[in-house]
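Asks: Dropping a structure here in structure tokens format, bear with me for questions.
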Amino acid sequence: MVDYHASNSQASSGGPAIYMDPREQENDWDRDLLLDPAWEKQQRKTFTAWCNSHLRKAGTQIENIEEDFRDGLKLMLLLEVISGERLPKPERGKMRVHKINNVNKALDYIAGKGVKLVSIGAEEIVDGNAKMTLGMIWTIILRFAIQDISVEETSAKEGLLLWCQRKTAPYKNVNVQNFHISWKDGLAFNALIHRHRPELIDYDKLRKDDPLTNLNNAFEVAEKYLDIPKMMDAEDIVNTARPDEKAIMTYVSSFYHAFSGAQKGPLVVKRIILNESLSPGSDVVYELQSQERCTCRTVCHNIVGTLRPDEKAIMTYVSCFYHAFSGAQKAETAANRICKVLAVNQENEHLMEDYEKLASDLLDWIRRTIPWLENRAPEKTMAEMQQKLEDFRGYRRVHKPPKVQEKCQLEINFNTLQTKLRLSNRPAFMPSEGRMVSDINGSWHNLEGAEKGYEEWMLNEIRRLERLDHLAEKFRQKATIHESWTDGKEAMLTQKDYETASLSEVKALLRKHEAFESDLAAHQDRVEQIAAIAQELNELDYYDSPSVNARCQKICEQWDALGSLTQSRRESLERTEKQLESIDELYLEYAKRAAPFNNWMEGAMEDLQDMFIVHNIEEIQGLITAHEQFKSTLPEANKEREAIQAIQAEVQKIAQYNGIKLSGGNPYTTITPKTIDNKWDKVEQLVPQRDKALQEELAKQQSNDHLRRKFATQANIVGPWIQTKMEEIGRISIEMNGTLEDQLVNLREYEQSIIEYKPNIDQLEGDHQLIQEALIFDNKYTAYTMEHLRVGWEQLLTTIARTINEIENQILTRDAKGISQEQLHEYRTSFNHFDKDHSGGLMAEEFKACLISLGYDVENNKTGDAEFARIMGIVDPNNSGVVTFQAFIDFMSRETTDTDTADQVIASFKILAADKNFIMAEELRRELPPDQAEYCIARMAPYSGPDAKPGALDYMSFSTALYGERVYEFRLEIIPMDVVAPFRNRLPDCSLEEPHSSQPDRSYGDRSLPGCPGAQKKEFLQSLLRALQLEVEQSGILSPHRVSDAPLSGPMSPPPSTPVPSLRVEVWDMSDPGGEEEVLRWHFRQLDTDDSGVLSEREARPLRLYLRRRLKPRRCAKKFAQYCDRDGDRGLTLSELNACLGL
């Protein structure tokens, strides 16, 4: 029977307290352990050394810890030294009262620092009580030496243990798990010293099998070099099965303060209260009543001859058979439950390993691929860049598509695993760091970014190399022409032919030189063009820039030399001109007109042979137009050629007429009429060749334009089709008409129709490849690029796969939880109503509004915010800020159905363990299949309770870890007679009870129970009535009779050796229509301790705790008291409870 006010009633009646303050348990040091002489000896030595390490600072010390602190003087001095504060002036008298006053001043100072001294008084210290004195010193050590330790949000004992584990982790044969056995071989002490002062200890020479040497070495080094006094004897530690934990902690704390002080500066001792964490389950005080083995023997004298054998004797003997045979069935049931739970856990672990491997492989592939895509090392030639582009296309067609499928499958496996974990009530799976789905998506996004950048870079490189090849060829052509022109010019300018020439020859030389200067000026533009092209090649990082620069430099230097030589020769000729007057005007005119015309023809030939690069029809048409304009100037040029040839003919005519014998060619120029005719013929040959090249390029651009139009036509169809399908999938995922199986079939058909559209994508890929091979870099006929269409297609396939996976998970949830199609439809309707943007997920505020509409108490107040935060922690464990429909269904199914819990698994293990707090390996192998038995043995921690045996295993912590929650235990109490007596044979107090009606208050039927909508409210109230009746039934109160004075008897009864308190228990026949009301009235009277007829908040608190721990869903139990409090006076009457339960 549950005793709602056990702590109050037993405290008032002088019985043992049932519930204790956890702070009292933490501060209450284990005095019983001091009864062990070995431990007491260790504590005496350790505590004495610790006190002396501080008292020596004041010039004193103690010899006997219980004697030297009796007058309180050295105790006050010790507190002043370790705290740095002044205590009240001590009394110097020798009388007992003076000593008590001094000790009280010290104890008052300790209490003033927030330390709660349990059962330690000044009189016991003055009397030299060793047990109390050691307890007081341990409290001081905890407060001033250990509690101040803090490591990574853990403090005191846990912080010190964590510090030791971190410092000794790299050392072999050292595994610090506690403050007793882990330090017995001495290696941990040496490891701490070596970690901070490696020069003091040669750790590699220490041996685990020589603990005395190890301990003495550590103690001696610490005392000699670290100023840490020797607080323990190595022999005491080695010869003790389990060294004293307090002594070890005190000594280890000295290492912490010594080494942390060296790193952080002067040590500042803070005083805080010890708050040791209790082992699991120890904060709940409970009393186990041992289950009796049925060893009774029935003396069967005269049973056959007795007309009616004694009923109690027969019942007692038969109960022995029940307890003998029921244990085997319970063990089988418990084993089956454990097998089921472990099978689910093993399957989940296998799925987790598969996910980790698949994620690791995909991330490794991405990490290997991204550096390749980010490689921007340029190539020197077009052929090498074309090969790179071909390799990239192979990556797109061959290597990437399988990885896209792996990524999609990885997300599907992750969602399925999370669904199975939620359905089996296991904690959500958190992949290893860097292997979350979000991490994989981020890496995939980086891969696609690198892929896009790599393609753009290659195309730009191809354009650059194309431009460079064109410029380099142009540079070579112009440089070759210029070098051929300058060939011999320096020799010509440096000759001294004018010194022996006649006047006419000098004049001729002067005119020739003028013609040369004209020619030189005409070539100035070509030299400037050569320098400009060389500069552009340098700016575009041409690979052969050094040779280009060298050639350009040579040309420029030669050009400067020609200018200087030209100027020098002119000066020489002008000096000679005064003596030479004969000038041949015709030669001069010929030379002047022939030279520009010759340059024009050379320029025309150069332009006609010039390479060109165009990217569209408009550009080639511009070149054709320019060429037509050039051809229109040819007739005028031909007239100029004929005029020049006429001058030469006139020279020949005059020479012939005047009988002049020409000694050679034109003295003013080297351009002969034949040269002009040859170049003119060359120009006429190049014009049709240029026409042909331009027409071929025009045809090529028309073909490219056709490719653009073909790709654009198909892309403008595929792009909108993909967008339409994406919108349809979004609409289907929101509407979800029909059963889940119908939806799944429809979605699979829809997926097949999408897959059948794949040839259109392949066709586009082929067209896109032709475009890239033709080096087409733009397309004005469409806004879609192949990259956009690829991403859209991949998103479409991923979206339909995710939608199908969501439906499969909903079917899995429905089948596992027993949810009807109508409930799923109702959940979907509520979800879609609040999903305003149709994104398939609810933001936090949308989800809160949805919960309020379902009756959950998550309003904007402190209680509502806390409840909403708890729910969000369930539906959104990754804190993404979005609640998916699958998470919403899982939450609603969890609230409406029941699953295996850690309590049930612990109860099953308890049956297998024959009601012990631990279980042995052989018991697991006997009751469980071999593989699951070994699975448990490998994962169960050793049991360390006071009743532990060698090889004992802790099944409670193992069961708790399976579900990620803590196990609480409750017990039922036999109520002593002095508690029940006031209620026996009492007439109802009509002045305290409200008028009772046989009909329930129907107003509660229309009221909503916060957090418990619809049918859940009715089911919760019925389960509460059944639970209250079951408590009465298990205590043996239910009987065909109305009243029984017999003491309780059954599995929860005290053992025969325990005196049974006088007890009167009312029992009812539950077939009576008023039985439920009587059960409720009985529970109400137990809670109403002051007989006021109204349960205050304090009196009703045990009822609220009982509801939350025993009944589900817990959110229904949370607001039950407020629901029943009809008048809002914060008190519950019996009539209010009857009404809200519908009695």
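Asks: Taking a ≥ b ≥ c as the square roots of the eigenvalues of the Cα gyration tensor of region 351-482, is the shape rounded (a/c under 1.5), prolate (a/b larger than b/c) or oblate?
Replies: Because a/c hits 1.5 or more and a/b exceeds b/c, region 351-482 counts as prolate.
Asks: Please state the shape class of region 916-962: rounded when a/c is under 1.5, otherwise prolate if a/b exceeds b/c and oblate if not, all from the C-alpha gyration tensor.
Replies: Cα axes put region 916-962 in the oblate bin.
Asks: Starting from the 7 Å offset along Cα-to-Cβ, what nm value, one decimal, do you get for the label separation of E557 and V118?
Replies: 10.0 nm
Asks: Relative to the Cα centre, what is the charge dipole magnitude of region 98-186, using +1 at the beta carbon of each Lys and Arg, -1 at the beta carbon of each Asp and Glu, and rounding to the nearest 20 debye?
Replies: 180 debye
Asks: As I understand it, the dipole of region 524-646 uses +1 on the Cβ of Lys and Arg and -1 on the Cβ of Asp and Glu, about the Cα centre. Which of A591, S572, N549 lies farthest toward its positive end?
Replies: Positive-end residue among those listed: S572.
Asks: Continuing with this model, one more query. Within a Cβ distance under 14 Å of E845, other residues only, what is the Lys/Arg minus Asp/Glu net charge?
Replies: Taking every Cβ under 14 Å from that of E845, the sum is -4.
Asks: Could I ask something else about it? Among P371, F414, V437, pick out the residue whose Cα is farthest towards the positive end of the charge dipole of region 351-482, where Lys and Arg carry +1 and Asp and Glu carry -1 on C-beta, about the Cα centre.
Replies: After comparing all options, I get P371.
Asks: Restricting to Cα pairs below 8 Å that are 6+ residues apart, what does the relative contact order work out to for region 916-962? Please round to a whole percent.
Replies: 44 percent
Asks: Normalised by the number of residues in region 351-482, what is the relative contact order in percent for Cα pairs under 8 Å and 6+ residues apart? Kindly include the intermediate steps, with their values, before the conclusion.
Replies: On the way: 66 pairs, mean separation 60.2, N = 132.
Normalised by residue count, the contact order of region 351-482 is 46 percent.
Asks: In the neighborhood of R70, defined by Cβ-to-Cβ distances under 13 Å, what is the net charge if each Lys or Arg adds +1 and each Asp or Glu adds -1?
Replies: -4
Asks: Here's a follow-up. Label point 7 Å out from K780 along Cα-to-Cβ: which residues of region 617-631 have amide N under 11 Å?
Replies: Of the residues in region 617-631, 617-619 have backbone N under 11 Å from the label point off K780.
Asks: Per residue, how much accessible surface does region 916-962 expose to a 1.4 Å probe? Answer in Å², no decimals.
Replies: For region 916-962, the solvent-accessible area averages 50 Å² per residue.
Asks: Does region 115-198 come out rounded, prolate or oblate by the C-alpha gyration tensor, with a ≥ b ≥ c the root eigenvalues, rounded set by a/c under 1.5 and, if not, prolate when a/b is larger than b/c and oblate if not?
Replies: Prolate shape, in that a/c is at least 1.5 and a/b is the bigger ratio.
Asks: Moving on to the next point. Order of 886-894, 822-830 by packing, highest average Cβ count within 10 Å first?
Replies: Order by mean packing, descending: 886-894, 822-830.
Asks: Let me ask something else. List residues of region 81-97, by number, whose backbone nitrogen lies under 16 Å from a label position 7 Å along Cα→C-beta of E67.
Replies: none
Asks: Over the residues of region 47-188, compute the C-alpha Rg and express it relative to 2.2 N^0.38 Å.
Replies: That works out to 1.22 for region 47-188.
The values are calculated or read from the model by the stated rules, or taken from the named source; none is laboratory data. Please read these numbers as outputs of a predicted model, since none were measured by experiment. All Cβ positions, even for glycine, are placed from backbone atoms using ideal geometry, and neighbour counts span all protein chains on display. To get the accessible areas, we keep the full protein, side chains included, count just its heavy atoms, and leave off ligands, DNA and RNA. Shrake-Rupley method; radii C 1.70, N 1.55, O 1.52, S 1.80 Å.
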